[in-house]
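Worksheet: the structure to be examined is printed underneath.
The values are calculated or read from the model by the stated rules, or taken from the named source; none is laboratory data. Note that this is a predicted model, so its numbers are computed, not measured. Here the Cβ is made from the backbone with ideal geometry for all residues, glycine too, and neighbour counts use every protein chain on show. These accessible areas exclude ligands, DNA and RNA; they are computed on the full protein's heavy atoms, side chains included. Shrake-Rupley method; radii C 1.70, N 1.55, O 1.52, S 1.80 Å.
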Amino acid sequence: LAEVVGTRTETEPTDVVLYGFGRIGRLLARILIAREATYGGVRLRAVVVRKNSDNDLIKRASLLRRDSVHGAFDGTITVDEENNVIWANGTKIQVIYSNSPSEVDYTAYGINDAIVVDNTGRWRDREGLSNHLAAKGVSRVVLTAPGKGDLPNVVYGINHDQIDDEPIVTAASCTTNEIGRAHV
């Protein structure tokens, strides 16, 4: 075994940040938490939102815990209010309060070369989404809706292999993705 030991290389998982925590953000959080435990590769590190109230963190954890369509979260969720953290099945999700993507310093939370998944729908063009790339610790941006202008719309199974090193990509519409999956 001496020849094999030390030849296996572990790769660091890719940090993922959800910018927005509406229904799409919460469903993505559930998927990422489950995938991290099963497959590794990506890990949900943070959620960025605007603070709505004094008990904002409790409300967001409650919304993650129970979904009116998708049911109860499969596992445990606890809240660390002092550190603005939601713990979900052992995954530490740092909640960062910010009103602007470019104001966030992700490196202050140990997040580096992150993929930011913008699920707010607020910015849908290269200029708006580039604000995420201005934040420290971000390397790529994915929009969860169709983009505008010259942004590549990606449909998994159809053109996902053409992404290359594009720093900003967008997902096509839900309907387009379902049609694309049907043809794969």
Fill in the blank from the handout: Of the listed residues (LYS51, LYS148, LYS92, LYS59), the one being within 14 Å of the chain's Cα centre (by Cα), open to solvent by 80 Å² or more (accessible area, probe 1.4 Å) and either charged (D, E, K, R) or at pLDDT below 95 (or both) is LYS92
Problem - Boolean, ARG35 is touching a helix residue (DSSP H, G or I) at 6+ places or on another chain (Cβ under 6 Å) and either assigned to a helix (DSSP H, G or I) or open to solvent by less than 90 Å² (accessible area, probe 1.4 Å) (or both) - result: no
Exercise for the section: From ASP105, ASP125, ASP118, grab the single residue that is surrounded by fewer than 18 Cβ atoms within 10 Å (Cβ to Cβ), acidic (Asp, Glu) and in contact with a strand residue (DSSP E or B) (Cβ under 8 Å, 6 or more places away or on another chain). Expected result: ASP105
